[in-house]
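I have a structure I would like to understand better, so I am pasting it below and will then ask my questions one at a time.
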Amino acid sequence: MEENSNQCAAESAAIPLNMEGESNDGEERDPESISLSQPLLRRNRTLSSSPLAIVGAKVSYIESLDYEINENDLFKHDWRSRSKVQVLQYIFLKWILAFLVGLLTGIIATLINLAVENIAGYKLLAAVSFIEKERYLMGFIYLAGANLLLTTVASVLCVCFAPTAAGPGIPEIKAYLNGVDTPNMFGATTMIVKIIGSIGAVSAGLDLGKEGPLVHIGSCIASLLGQGGPDNHRIKWRWLRYFNNDRDRRDLITCGAASGVCAAFRAPVGGVLFALEEVATWWRSALLWRTFFSTAIVVMVLRTFIEICNAGGCGLFGKGGLIMFDVSTVTVTYHMMDIIPVVVIGIIGGVLGSLYNFFLHKILRLYNLINQKGKVHKLLLSLSVSLFTSACLYGLPFLVECTPCDSSLAESVCPTNEGSGNFKQFNCPDGHYNDLATLLLATNDDAVRNIFSTTTSTEYHPISLLIFFALYCILGLFTFGIAVPTGLFLPIILMGSAYGRMLGIAMKSYTSIDQGLFAVLGAASLMAGSMRMTVSLCVIFLELTNNLLLLPITMIVLLIAKTVGDSFNPSIYEIILHLKGLPFLDAHPEPWMRNLTVGELADAKLPVVTLRGIETVERIVEVLRNTTHNGFPVIDDGVVPPVGLAVGATEVHGLILRAHLVHVLKKKWFQREKRRTEEWEVREKFTWVELAEREGKIEEVAVTSEEMEMYVDLHPLTNTTPYTVMESMSVAKAMVLFRQLGLRHLLIVPKYEAAGVPPVVGILTRQDLIAYNILNAFPHLTKPTSREKGN
């Protein structure tokens with residue numbers, strides 16, 4: 001099942017989409033000239049949607065989130081009865097939670113950095129000590145054994161305790177903020193495994209980073225704070241009731257994602273822009289302020305720990321993970337002719353980024369087949385990658401020649417095997433260093449600093465850089481997808497900086513740009529070519545380098561790389577979303593969706609299931625047991641209409657959620673006579689806080705035969721203001737409305753009122769707007785014309 005669903009989802013973006021628009025004389029007609037009132041398509045199957053997606057290690061049932069405000073009688077009463085003090089308390093608590101998100105994310109990120117740098121640093125130091133004694137085999141056994149142990153810890157935790165902690169977590173966060181409820185993604189167990197697993201995996205020398213996991217960890221912190229802790233030990237404080245809804249939880253998780261990026265790169269503005277550009281679907285100014293506040297708190301925490309580490313309080317390697325790269329003291333000069341290598345770097349980044357996405361897609365499909373075989377195969381895959389990585393990192397430096405140290409460098413600087421440094425001696429004699437060992441036998445952050453180093457034009461040989469680039473391309477492809485927390489940022493940065501520095505060496509006689517800055521531009525171009533981000537990446541690299549003079553050429557590189565990459569395939573996160581089968585709604589509908597109406601989609605679905613305003617318990621139980629729908633229109637017949645309408649009109653009272661119906665059955669809110677209830681009766685039995693809970697299944701409810709004959713007044717619990725569209729609206733327009741408003745259900749009403757026409761002809765859900773599901777129901781869609789593509 002997983003393979004088929006992945007294949008369907010992954011191929012949906014590549015399916016040719018055409019319209020049958022030929023006239024009788026064989027000439028092709030313009031599809032846009034066809035009236036929307038005419039049925040364009042011949043349908044030969046029912047519109048069906050698969051609510052299944054891969055979350056963690058298994059196929060899970062996926063539901064949408066209720067970002068729409070449910071304006072029933074209880075909500076309206078609560079909103080009217082709130083005092084100014086309660087409103088101010090609600091606003092104040094939002095800022096308090098934003099502060100706590102930033103504080104905890106900064107502290108945990110610092111602890112992860114310190115743990116990774118010290119564990120990896122002391123491990124490499126011990127391995128080098130064997131090399132100094134010429135005990136090369138023992139050095140490899142020690143290094144490989146330590147890496148296998150660390151990888152085993154990370155992999156076992158992910159495989160056995162929290163499968164959702166594997167991977168970066170950013171695609172699932174994107175899906176959640178888009179309106180997809182991804183199960184078990186933000187739990188306490190997931191967060192703990194993510195923290196420990198990231199420390200183990202990164203310390204093991206695997207080609208992955210802690211940046212992606214930090215985004216996931218920040219989101220977990222935000223989610224747990226908003227709901228008062230894990231599900232089994234949730235704090236039921238009165239003030240937390242304000243945040244017991246999907247809308248506020250979405251805002252908190254957005255703050256958490258921005259805080260995670262800020263903690264990874266020490267880039268507060270870049271973190272905010274990352275959340276805005278890459279993960280968030282819905283945005284507003286108040287959320288911008290709170291997100292910026294959270295990232296400011298993260299920076300303050302990091303700055304505090306940097307001062308402690310600079311004073312020597314973080315161990316031998318501790319400060320390494322907190323300061324990645326700083327060129328504020330480097331004078332950046334470039335001329336008009338330097339634009340040529342900058343453009344070349346952008347083009348190379350776009351091409352290589354799209355190639356990386358293509359091959360990674362194939363590798364992930366292969367890993368999916370391996371992972372389906374069970375936990376043992378997942379663990380063996382992780383250990384195999386770890387052993388291969390250790391062999392490459394330890395063995396390849398022996399293939400390159402030693403380089404004499406520059407006479408201008410002090411003996412304490414070149415060569416060295418102690419702590420961090422640019423000139424690792426490795427197996428070389430005194431006065432010489434191994435440039436490839438400098439990059440490979442170092443912590444990941446040290447490797448970035450070494451390859452970004454400026455004013456060191458002769459430090460690295462082109463052959464060493466080529467080996468480094470090829471190795472990290474291979475390791476980057478085969479490491480991502482194993483059962484450990486992984487991040488894509490650092491592998492892409494290392495690959496991009498390698499070819500950027502090679503290009504700088506090749507063009508050193510034609511440009512005045514330093515090779516270290518070429519490495520920065522190469523890293524930026526490959527990230528833009530793979531992840532397709534521009535503004536946030538530009539600011540992140542600006543804050544990393546701490547040099548405003550790099551801004552113009554960085555902007556050019558990012559724009560070119562993204563443009564080139566977009567012409568080949570989607571971004572890496574979009575590819576992962578499709579592979580997992582998560583029903584993510586893109587910002588731009590397919591062109592052919594403009595020639596299809598929501599009424600035609602409704603005709604392709606099963607008839608809509610409706611309930612009456614005062615319904616029997618038997619009917620409610622029957623509907624809940626025989627359908628999987630999460631929303632039902634509430635219809636009243638024979639109501640007394642406003643002046644000017646016919647007597648006995650039909651009223652669409654609103655929409656009631658499945659969770660609320662289950663809650664009614666659990667509370668036994670039944671009545672023997674068929675009547676409307678008073679407002680005080682509803683408030684006596686329910687609170688709006690209880691209705692925000694989405695727990696409960698119909699199978700857990702027991703109803704007697706006597707209760708089956710009773711009635712339930714659904715009016716007080718019905719959302720009286722659901723969003724509706726006319727059946728003549730195009731699918732493209734409905735999809736934009738659905739996505740921007742964060743809807744879960746969209747009612748379709750008829751354009752004309754006539755006898756026998758139901759007041760609600762259908763309900764659109766997220767699954768109905770996914771391109772692949774529509775194409776299944778309408779197989780005659782063909783490739784759009786060149787005019788449609790241009791529009």
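Using the crude model of +1 on Lys and Arg Cβ and -1 on Asp and Glu Cβ, and no other charge, please compute the dipole size for the stretch 420-552 relative to its Cα centre, in debye to 20.
280
Still on this structure, please answer the following. Would you kindly derive the ³J(HN,Hα) couplings of the stretch 380-386 from the backbone phi angles with the Karplus curve 6.51 cos²θ - 1.76 cosθ + 1.60 (θ = phi - 60°), listing them in order in whole Hz, with x for Gly and Pro?
Working through the residues one at a time gives 5, 4, 4, 5, 5, 5, 5 Hz.
Suppose all protein chains stay in the model; what accessible area per residue would a 1.4 Å probe give for the stretch 385-515, in Å²?
That works out to 34 Å² for each residue.
Which entries in the list 174/667; 174/424; 605/697; 94/362 go over 31 Å, if you measure between the two C-alpha atoms of each?
Checking Cα-Cα distances, 174/667; 174/424; 94/362 exceed 31 Å.
On a straight-distance basis, which lysines could pair with residue 375 in a cross-link, Cα separation under 20 angstrom, same-chain partners fewer than 8 positions away excluded?
Excluding near neighbours in sequence, the set is 58, 194, 580.
Considering the convex hull of the alpha carbon atoms of the stretch 188-262, report its projected area averaged over all viewing directions, in nm², one decimal.
Result: 5.3 nm².
Now for a separate question. For residue 610 paired with residue 546, estimate the spin-label separation in nm (one decimal), with each label point 7 Å from Cα along the Cα-to-Cβ line.
Between residue 610 and residue 546, the simple spin-label model gives 6.7 nm.
Oh, and also: Which whole-number value in Å² is the accessible area per residue of the stretch 539-606, probe 1.4 Å?
With the other protein chains kept in place, the stretch 539-606 gives 38 Å² per residue.
Suppose the chain between residue 673 and residue 300 were pulled fully straight at 0.36 nm per residue; how much longer would it get relative to their current alpha carbon spacing?
In short, 128.0 nm is gained.
Given H placed on each backbone N at 1.01 Å, which residues far from residue 433 in sequence or on other chains put an amide H within less than 5 Å of it?
Long-range HN contacts for residue 433: 403, 405.
To continue, here is another question. In nanometres, what is the gap between the two model label sites at residue 628 and residue 699, each 7 Å from Cα along Cα-to-Cβ?
Going by the 7 Å Cα→Cβ label model, 1.3 nm.
Of all accessible surface on the stretch 219-310 at a 1.4 Å probe, what whole percent is carbon and sulfur?
61
May I ask you to work out the translational diffusion coefficient for the stretch 235-316 at 37 °C, viscosity 0.692 mPa s, via Stokes-Einstein with Rh from the Kirkwood sum over Cα pairs, reported in whole µm²/s?
My calculation gives 235 µm²/s for D.
Okay, next question. Go ahead and run the numbers for FRET between residue 563 and residue 466, Cβ-Cβ distance against an R0 of 30 Å, rounding to 0.05.
Efficiency computed from Cβ-Cβ geometry: 0.65.
Cβ neighbours within 10 Å, averaged per peptide: list 219-227, 181-189 in order, most packed at the top.
Highest-to-lowest ranking by the protection proxy: 219-227, 181-189.
Which percent, nearest 5, of DSSP beta bridges in the stretch 655-781 are antiparallel?
Roughly 60 percent of the beta bridges in the stretch 655-781 run antiparallel, per DSSP.
Enumerate the calculated ³J(HN,Hα) couplings along the stretch 743-753 in order (Karplus 6.51 cos²θ - 1.76 cosθ + 1.60, θ = phi - 60°), each rounded to whole Hz, writing x wherever the residue is Gly or Pro.
7, 10, 9, 9, 6, 10, 10, x, 6, 10, 8
Excluding ligands, DNA and RNA, what is the solvent-accessible area per residue of the stretch 667-728 at a probe of 1.4 Å, expressed in Å²?
Ligands and nucleic acids excluded, the figure is 59 Å² per residue.
The values are calculated or read from the model by the stated rules, or taken from the named source; none is laboratory data. What you see is a predicted model, and the numbers here were worked out from it, not measured in a lab. Every residue, glycine as well, gets a Cβ built from its backbone with ideal geometry; the counts of neighbours run over all protein chains shown. In case anyone asks, the SASA skips ligands and DNA or RNA and just uses the protein heavy atoms, side chains included. Shrake-Rupley method; radii C 1.70, N 1.55, O 1.52, S 1.80 Å.
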